[in-house]
Structures are given as structure tokens and as C-alpha cells.
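Each remark here refers to the structure printed beneath this line.
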Amino acid sequence: MGYREYPKRDLSDPSHLFNFHLSALRVVTMWKLNDMKYHTPFMILFFWNVTVLSICTVGLFIKGCTTDDLVDRSEAMDIFTLTGSAMYKMVYFIYYHDDLVDMITCGLALTEKLPKGWTKHCTLFAKFHCCGGIFCMTFWGLVPMFKTLLGETTLEEMKLPINTYYPFEGRFAFSVTYSIAQYALMVSGQIYMAADIYLFTSIYVAVGALQYISDELEKMNENSNLKIADVGKVDQTHEHLKECMELHVNVLDYIRKTDKLFRSMILADVVHAIISLSFAMLQASEAKGLFEGLKMAVFVVVCFLHQFLNSHFGQTLIDKQDHLIEKIRIAVPWREASRSFKKSYHIMITSNTNAIKLSAWSAYYLQYATFLEFSKSMISYYMVLRELQDQEEVP
């Protein structure tokens, strides 16, 4: 899937930028282990995760299709899309493992050409992002217990953490199903967080490389005086420009790799958000009790925040490309340059006519404008569901 070849890197070395990100992926069997002697246990755990998420997804779908109550259906559908899309992401990462390794190899090559201190807080952000997801999913799963402990419901009325189809009877079967449902929530949340930090850091590396090129072009403009007949200095400036060109080609290659690999996962995010958010807002408006209302409020906020972060990093990448295009036009001292310099400059400027936008096959772009349209659509969908629910409540 790659366009250029880069030197292979030892991804088992804990010093590289993506070390924590790969560890987060391995926890939920999204990234193959370096040690092949653990391959069999890893694949057993992978198929176990697929089985659990598949069963939960099917159970949630059946529940959503068989219930006549709109709020009851909402409780099933908001998690149905979560477990379904999480399972897809997990399988996708394993299936395209070699292409994702190629992408990381390209990204690590770019980390050598970033502004000083650019990646200082990347790992901290990644850890905070993952911990936030784990906390939210843990809280979601424990809400039925909290409601029982505080007397909002009785032990006999206690529900599962997900509103799935449940044909069994007895406390033992309920306990086992509860544990599996909680496990599915935790795995789904970690899958989303791990995929997020992988994508966000990849975009951030590309943005940093573009900023590095802009800084180098600005230095070229400040330090060069091509009007002076200094052939050595002209040649030196030309070599500097060609180095920037080579780095820029690598960055564009990296962005295209990212776009191609993440199209379907961006689409999975959007489908999950569209279906779950509108239902979740309806469920939040109908929530009874402190913990139920808090649970749904957290879910809605996290879903909106997730889409915003996708759009924020995508918009940052667009803005940085546009900034570089402008920098090439005004900062490169080409007017009095040699013919070979002008030729190189022409190649560089013609390759920067339009910014590359990350998208789901042009159906959804990662940018602020799309996020605003998405938010307005979610509110509109919620109002339609709210109206339908009000009609059902009228005797």
C-alpha cells in the first residue's frame, strides 16, 4: 500500500515515539506481538475478543429490532454501533498489520525532522486519552451496581450494563452475562482509544514535519542573498531547497498512507456517532435517577468530543498544508536565483496546489466545517426522535 520505501525500524525498541501506542493496541489484540512464541495465546485472545464482541453486537441488534419502546431501542442501538465498529477496527488492524507497520516506519523517519520539543507531550496525551476511555467505560458498566447499592433499584430489578437480548434465568447466568458485557464495554472503549491515539499522533507528526519545512524556508529567506554573485552560496541554498523538497515528498506520502488506511475507520466512527448520538440524547432526556442521567451525559459528551478531536486534528493538518503553500510562495528567494533553482522551486510549488484532506471516501471530511454540520444534524435527528417519543406517550 505504501508509495516509498523507508529503512526498517526496530519497533520493539521502547524509545521510539509510538511505543506506548503499540502497547495500547496490543492490550486489545490489535497489534501483533514481537515475540512469536506468544503468537498462539495472542490469537486465542484475539478470537475470544471477536467472539465476545460479535455475540454482544448480535444480541444488541436483536434487542433493538424486537422491542417496541423507542427508549428501550435507544439503549440497545447506542452500544450496538460501539461494539460493532470496535470489532471492525480490531480485525482491520490485524488484517492490515503490514501496511500499518509501513506507515509507522514512515512516521518514525519523519520524527527526525520535527521542530525541537514537538513530541514532548505526545505520550502524556495518549495515556490521558486511554485512561479517560477506560474510566468512562468502567463507570458505564458499574452504573447498575451503583443504582442497586444506593437503593434506586432492587437487586431483582438490576439490569445488565448493556441492553442486550437476554433469554436466560437465574443469578448465575446473570452474573456471567454481566461480566461478559462489562468486558465487551472495556474492550470496545480501549479499541477506540488505541485507534485514536495512533491516528492523532500520526497526524501530529505530519503537522510537525510541515512546520519544520516552513521554518527551514523562512530561514532560507532570512539568510540568503542571491543577488550577490556568490556561486557557492547559491548552490548551498539550492541544496537546502532540495532537502526541503525531499522531506515534503515524504510528508505527502505519509499523509496519503494515513488517508488510505483510515478511510474505512473514519466511516465506522461516523456511522457509530450518527446512530448512537441521536439515540443517546433521547435516552439522556428520558433518564431516571442520578446515575442513569450521569451515565448518558458522559456518553453524549464523549461521543461529541471524539468527533471533535477527529475534526480538530484533520483541520490542523489542512491549515498547516495551506500555511506551507503560502510560505513557499512568499518565503523562497527565487526571483534572482539560478535556472536550476527556479526549476526546483517550480516543482515544489506545483505539488502544493491543494491540501490533502483526510476523509471517509469524501463522505465525511475531518475538518471543523463538517463537524458543525454533523452537530446540527445530530440535534435535528434528536428532535425527530423526541417528537416520536412524545407521540408514543400521548394516551
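Just a few scattered comments:
- Peptide packing for 365-372, 170-177 was compared via the average number of neighbouring C-beta atoms within 10 Å per residue; ordered from the highest value, the list is 365-372, 170-177.
- Between segment 319-395 and segment 243-259, the alpha-carbon center distance in angstrom: 18 Å
- Amide H contacts of residue 33: none lie under 5 Å away among residues 5 or more positions distant or on a separate chain (H built 1.01 Å from N in the peptide plane; Pro and chain starts excluded).
- For residue 190, net neighbour charge (Lys/Arg +1, Asp/Glu -1) across residues whose Cβ lies under 14 Å away: +2
- Rotationally averaged projected area of segment 128-179 (alpha carbon convex hull; nm²): 4.2 nm²
- Computed over all pairs of different Cα atoms, the Kirkwood value for the hydrodynamic radius of the chain is 23.5 Å.
- The modelled label-to-label distance for the pair residue 221/residue 253, using points 7 Å beyond Cα in the direction of Cβ, is 2.8 nm.
- Karplus 3J(HN,Hα) series, Hz, for segment 289-297 with 6.51 cos²θ - 1.76 cosθ + 1.60 (x for Gly, Pro): x, 4, 5, 5, x, 5, 4, 6, 5
- Working ranking of peptides 150-157, 201-208, 214-221, 120-127 by packing, defined as the average number of other Cβ atoms within 10 Å per residue, highest first, is 201-208, 214-221, 120-127, 150-157.
- When each of the peptides 102-110, 321-329 is scored by how many other beta carbons lie within 10 Å of its residues on average, the order from highest to lowest is 102-110, 321-329.
Every number here is computed from the coordinates shown, using simple stated rules; none is lab data. Because the structure is a prediction, the values reported are computed rather than measured. Cβ sites come from the backbone with ideal geometry, for glycine too, and all protein chains shown count toward neighbours.
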